[in-house]
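Chemist: My structure is below; once you've seen it, I'll send some questions.
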Amino acid sequence: MDSDTLTRFWDKVEKPNSCWNWIACKNSNGYGHFGLNGKMIEAHRISYKLFKGKIPKGLQIDHLCRNRACVNPDHLEAVTQKENMLRGNSLQAINARKTHCNRGHPLTEDNIYRDSYGRHCKLCHKITTKKTGKKWRKENRERTNELQRQYVQRNRESVNRRRREQRMRN
């Protein structure tokens with residue numbers, strides 16, 4: 001980068017405290033943008049390259065201060081995408097940092113199961129399954145049967161049609 005470009009870059013930085021805030025153009029996520037060679041480049045990436053060198057392939061720049069407008073190289077670190085996400089304040093990051101479930105059970109590898117929605121506490125699953133399983137159905141059988149009868153009365157025609165269709169398939 002030539003001296004004119006460097007001057008133009010540093011004219012857009014304010015150093016009120018430990019964070020060096022980008023005060024010029026920012027994108028909708030709050031990251032500073034700087035025009036260089038006809039392209040818009042994120043300002044924190046330029047700062048990192050100026051002070052620390054090339055960004056290693058496959059790594060992202062993480063703001064240790066959590067201030068997206070900051071270009072202080074001491075606040076910037078090259079990390080994997082996973083590490084960057086887990087350090088953040090997203091719902092996934094908050095849940096990943098949890099060591100206990102809402103009922104206080106430890107979230108250790110032997111007490112969790114994973115599915116497409118994430119990780120779950122096995123002990124809580126057992127408690128919930130027992131509450132909603134056979135015992136619940138037995139205790140609420142009369143109420144459930146009554147609701148079923150009411151549904152059939154309200155929707156007699158469509159229920160009868162479905163029953164006929166089902167008999168025809170069998």
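Chemist: Taking every pair of Cα atoms in the chain, average 1/r, invert it to obtain the Kirkwood radius, and report Rg/Rh to two decimals.
Modeler: A ratio of 1.32.
Chemist: Let me ask you something else. Cα gyration tensor of the range 1-44, axes a ≥ b ≥ c as square roots of the eigenvalues: rounded (a/c below 1.5), prolate (a/b > b/c) or oblate?
Modeler: Oblate, since a/c reaches 1.5 and b/c is not below a/b.
Chemist: Can I ask one more? Can you give me the % of accessible surface on the range 1-147 that is carbon or sulfur? Probe 1.4 Å, all protein chains present, nothing else counted.
Modeler: 51
Chemist: Let me ask something else. Whose amide H sits under 5 Å from the amide H of Cys70, counting only residues 5 or more places off or on another chain, with H placed in the peptide plane?
Modeler: Correct list: Trp22.
Chemist: Distance cut-off 21 Å, Cα to Cα: go down the list Lys12/Lys39; Lys26/Lys98; Lys98/Lys122; Lys15/Lys39 and report the pairs above it.
Modeler: Lys26/Lys98; Lys15/Lys39
Chemist: With all protein chains present and a 1.4 Å probe, how do Val71, Val152 order by accessible area, largest first?
Modeler: Val152, Val71
Chemist: Which ³J(HN,Hα) values, rounded to whole Hz and listed in residue order, are derived for the range 157-170 from phi using the Karplus coefficients 6.51, -1.76 and 1.60 in 6.51 cos²θ - 1.76 cosθ + 1.60 with θ = phi - 60°, glycine and proline given as x?
Modeler: Listing the rounded values in order: 5, 5, 5, 4, 4, 4, 5, 4, 4, 5, 5, 5, 5, 7 Hz.
Chemist: Continuing with this model, one more query. Using amide H atoms built 1.01 Å from N in the peptide plane, name the residues 5+ places from Lys26, or on other chains, whose amide H lies under 5 Å from its own.
Modeler: Those qualifying (amide H under 5 Å, at least 5 residues apart or on another chain) are His33.
Chemist: A further question follows. Kindly identify the range 1-102 as rounded, prolate or oblate by the Cα gyration tensor criterion: order the square roots of the eigenvalues as a ≥ b ≥ c, call it rounded if a/c is under 1.5, otherwise compare a/b with b/c, prolate if a/b is larger, else oblate.
Modeler: Cα axes put the range 1-102 in the prolate bin.
Chemist: Assigning unit charges at the beta carbon (Lys, Arg +1; Asp, Glu -1) and nothing else, what dipole magnitude in debye, to the nearest 20, does the chain show about its Cα centre?
Modeler: For this selection, approximately 2020 debye.
Chemist: Same structure, new question: Which value, in Å², gives the accessible area per residue of the chain when a 1.4 Å probe is used on the protein heavy atoms?
Modeler: Here the residues of the chain average 76 Å² of exposed surface.
Chemist: Tell me which residues come under 5 Å, amide H to amide H, from Gln60 once H is placed; ignore anything under 5 positions away on its chain.
Modeler: Excluding prolines and chain starts, which carry no amide H, the hits are Val79, Thr80, Gln81.
The values are calculated or read from the model by the stated rules, or taken from the named source; none is laboratory data. The structure presented is a predicted model; accordingly, all values stated were derived computationally and were not measured. Don't worry about glycine lacking a Cβ; one is built from the backbone with ideal geometry, like all the others, and counts go over all protein chains shown. These accessible areas exclude ligands, DNA and RNA; they are computed on the full protein's heavy atoms, side chains included. Shrake-Rupley method; radii C 1.70, N 1.55, O 1.52, S 1.80 Å.
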